[in-house]
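Asker: So that we are looking at the same thing, I have put the structure below in structure tokens.
The values are calculated or read from the model by the stated rules, or taken from the named source; none is laboratory data. Computed from a predicted structure; not experimentally measured. Note that we place each Cβ from the backbone using ideal geometry, even for glycine, and neighbour counts take in every protein chain shown. Accessible surface is based on the protein model in full, side chains and every heavy atom, while ligands, DNA and RNA are left aside. Shrake-Rupley method; radii C 1.70, N 1.55, O 1.52, S 1.80 Å.
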Amino acid sequence: AMTGKTAPPAKKLSPAAAKKKAVPVPKEEAAPKEEAAPKEEAAPAPATEEPPAPEHPPEQPPAPTDEPAAISTEAGAEVTPVPAEGSPGPPAEAPAPAPEAKLEKPKEEPPSCPLSLAVEEVSENSFTLTWKAPEQMGRAGLDGYVVEICKDGSSDWKAVNQEPFLSTRYTIPDLSSGAKIHVRVLAVSASGASAPATLEQPVLIREILQLPKIRMPRHLRETYIRRVGDAVNIMIPFQGKPQPEVSWTKGGQPLDTNRINIRTTARDTIFYIRQAQRSDSGQYELTVHINGAEDKATLDIQVVEPPGPPQNLKLVDVWGFNVALEWTPPADNGNAEIKGYRVQKSDKKSGKWFTVLERCTRTSCTISDLIIGNTYSFRVFSENICGLSDSAAVASGVACIEKTKSTYRPEKIPQRDMMEPPKFTQPLTDRATTRGYSTHLFCSVRGFPQPKIIWLKNQMEIREDPKYIALIDQGVCSLEIRKPGPFDGGVYTCKAVNPLGEASVDCRLDVK
């Protein structure tokens, strides 16, 4: 503890001590040292702080040169500690700093191994390495790195660079194409070289490496739809050097080569099916990879065919000039969404079929404006992206639109038998519409005498309001809502009233 406190003043005395103890040394060497010592110590003399104390000894190049001169005398043991420790105490204290001076040298270990050595790029006659600086640089600091190579099968390591460099990226030129080269990198400092960072596998010198990339055509980025029996012939280009490896799978499993042919060239892969079946639908995975780098793409194929006919077509009701039909969706949709139904009628006189409704999205409809005296048959086709079903569902019954006989019908059918309370044969359906776009609500009603139709919104009767236009034609009631706004949404009710009673239906209208 005492020597630490006396260390700063000891430095001021060290020139004097050096003069006294340098007497046995030859005068020719002592005189210059005496002149150099005050010059070197003149700067730290006014600053008597402790921080310069540890910095000063390493900055004194003359101190090591003093040692060999002092060692030639018996008093050399005392001369060495004077500049290092600056203690003017008795020789008993001199051995104390000596082990400290010897301990400093083992601390100057070489740097640790460089980190994350990797190959950045390979060309026909060179390759480029990258790495990261070592964690431990050593007290002496890092001079740079040395790159060494060795051919596969040999143990003769040769340095590529003559002088160490500080960059962590290096290109090794002038290599033979096709050769396999082992490589390692050492960090070098004044204390020595680190342990080498070595690549686990040799580098194969080959043509320029281009990362694999699949160039999926735009029309194949969405579902690719083909009909049953059509050929599927798809070409997907890709890039990559050297020649990439190409593989196809479906659901993680290899393809059925009896049905699907794959032909791969240097620039593209061709996917071919002679006659597509519905079982060929699904997602196919394409993988292109080179030496661990890969690119993937998904091909979604949907093989479709026309749907089956609707089921359970029924002639539900016939009144006035109107007919109501109902049916259920087909058992087979042809592997595609049903877009709608086509409803046709045929009168017994002509025998020809005429389309009444196209793309009807519901499984029921009302057909109006039939001609009195005709007998009608009805049929319905289902439709998907392929088109109409090959056959139609035909209603089992026929609709006879009878003529009115003024002479004896009142006698046969008393007036009270014709009386009928209102009954809705087609209800209102919930709807959603867009703000500012006019929309219609429809329903069908029967009854005799003809019912009076009343429209209500949220249980409030709609009276003479130019926003609403209510019509009834052949039992079909409609309400037009002109350019609706957000406040026009709500529950709309259609009420039919005649002397025998009343009926009502309602629906919800959402305005977005």
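Asker: Considering amide H positions built from the backbone, and no H for Pro or chain starts, which residues 5 or more places from TYR224, or on another chain, come under 5 Å of its amide H?
Answerer: Under 5 Å from the amide H of TYR224: ASP300, ILE301, GLN302.
Asker: Using the Karplus curve 6.51 cos²θ - 1.76 cosθ + 1.60 with θ = phi - 60°, what ³J(HN,Hα) values do you get for each residue of segment 457-471, in whole Hz, with x for Gly and Pro?
Answerer: 10, 6, 6, 10, 5, 8, 9, 5, 10, x, 5, 10, 10, 9, 9
Asker: Under 5 Å between amide hydrogens, which residues at least 5 positions from ARG206 or on another chain qualify, with H placed 1.01 Å from N in the peptide plane?
Answerer: Sorted by chain and number, the residues that satisfy this are SER123, GLY178.
Asker: Here is a follow-up. Quick check: with the 1.4 Å probe, what order do MET460, MET419 take by accessible area, largest first?
Answerer: Largest accessible area first, the residues go MET460, MET419.
Asker: Could you compute how much accessible surface LYS467 exposes when probed at 1.4 Å, giving the result in Å² to the nearest 10?
Answerer: Here the residue's solvent-accessible area equals roughly 60 Å².
Asker: Tell me the carbon and sulfur percent of the accessible area for segment 233-300, rounded to whole percent, probe radius 1.4 Å.
Answerer: It is 42 percent, rounded to a whole number.
Asker: Moving on to the next point. What list of ³J(HN,Hα) couplings, whole Hz, do you get for segment 172-181 from phi and the Karplus terms 6.51, -1.76, 1.60, once you set θ to phi - 60° and write x for glycine and proline?
Answerer: 9, x, 6, 9, 7, 5, x, 6, 10, 10
Asker: Note down the accessible area of ASP465, probe 1.4 Å, to the nearest 10 Å².
Answerer: For ASP465, solvent-accessible area is about 70 Å².
Asker: Right, next: Which distance in nm do the two modelled labels at THR223 and ASN125 give, with both placed 7 Å along the Cα-to-Cβ direction?
Answerer: Using points 7 Å along Cα→Cβ, the separation is 5.6 nm.
Asker: Would you mind computing, in nm to one decimal, how far apart the modelled labels at ASP473 and ALA293 are, each placed 7 Å from Cα along Cα→Cβ?
Answerer: It is 6.9 nm.
Asker: Using the basic label-point model (7 angstrom from Cα toward the beta carbon), what is the LEU500 to ILE372 distance in nanometres?
Answerer: Rounded to a tenth, the inter-label distance reads 2.0 nm.
Asker: Here's another thing I want to ask about it. Show the residues, 5+ positions off or on another chain, whose built amide H is closer than 5 Å to the amide H of THR264.
Answerer: HN-HN under 5 Å from THR264: ILE270.
Asker: OK, next. With unit charges on the beta carbons (Lys and Arg positive, Asp and Glu negative) and the dipole taken about the Cα centre of segment 370-512, which residue among ALA393, PHE381, PRO421 sits farthest to the positive side?
Answerer: Going by the Cα projections, it comes out as PRO421.
Asker: Could you calculate the contour length gain from TYR437 to GLU402, that is, 0.36 nm times the residue separation minus the distance between their Cα atoms, to one decimal place in nm?
Answerer: Roughly 8.5 nm would be gained on extension.
Asker: A further question on this structure: Compute, for segment 211-304, the length of the dipole vector about the Cα centre, with Cβ point charges of +1 (Lys, Arg) and -1 (Asp, Glu) only. Units Debye, rounded to 20.
Answerer: So the magnitude is around 240 debye.
Asker: How do ARG278, ARG463 stack up against each other in accessible area, from largest to smallest, with a 1.4 angstrom probe?
Answerer: ARG463, ARG278
Asker: To the nearest 10 square angstrom, how much accessible area does THR287 have with a 1.4 angstrom probe?
Answerer: For THR287, solvent-accessible area is about 20 Å².
Asker: Sort ASP300, ASP174, ASP347, ASP156 by accessible area with a 1.4 Å probe, largest first.
Answerer: The ordering from most to least exposed comes out as ASP174, ASP156, ASP300, ASP347.
Asker: Sticking with this structure for a sec: For the cross-link pairs LYS423/LYS457; LYS132/LYS158; LYS345/LYS495; LYS180/LYS241; LYS349/LYS452; LYS250/LYS296, which exceed 24 Å when the distance is taken from alpha carbon to alpha carbon?
Answerer: Among LYS423/LYS457; LYS132/LYS158; LYS345/LYS495; LYS180/LYS241; LYS349/LYS452; LYS250/LYS296, the Cα-Cα distance tops 24 Å for LYS345/LYS495; LYS349/LYS452.
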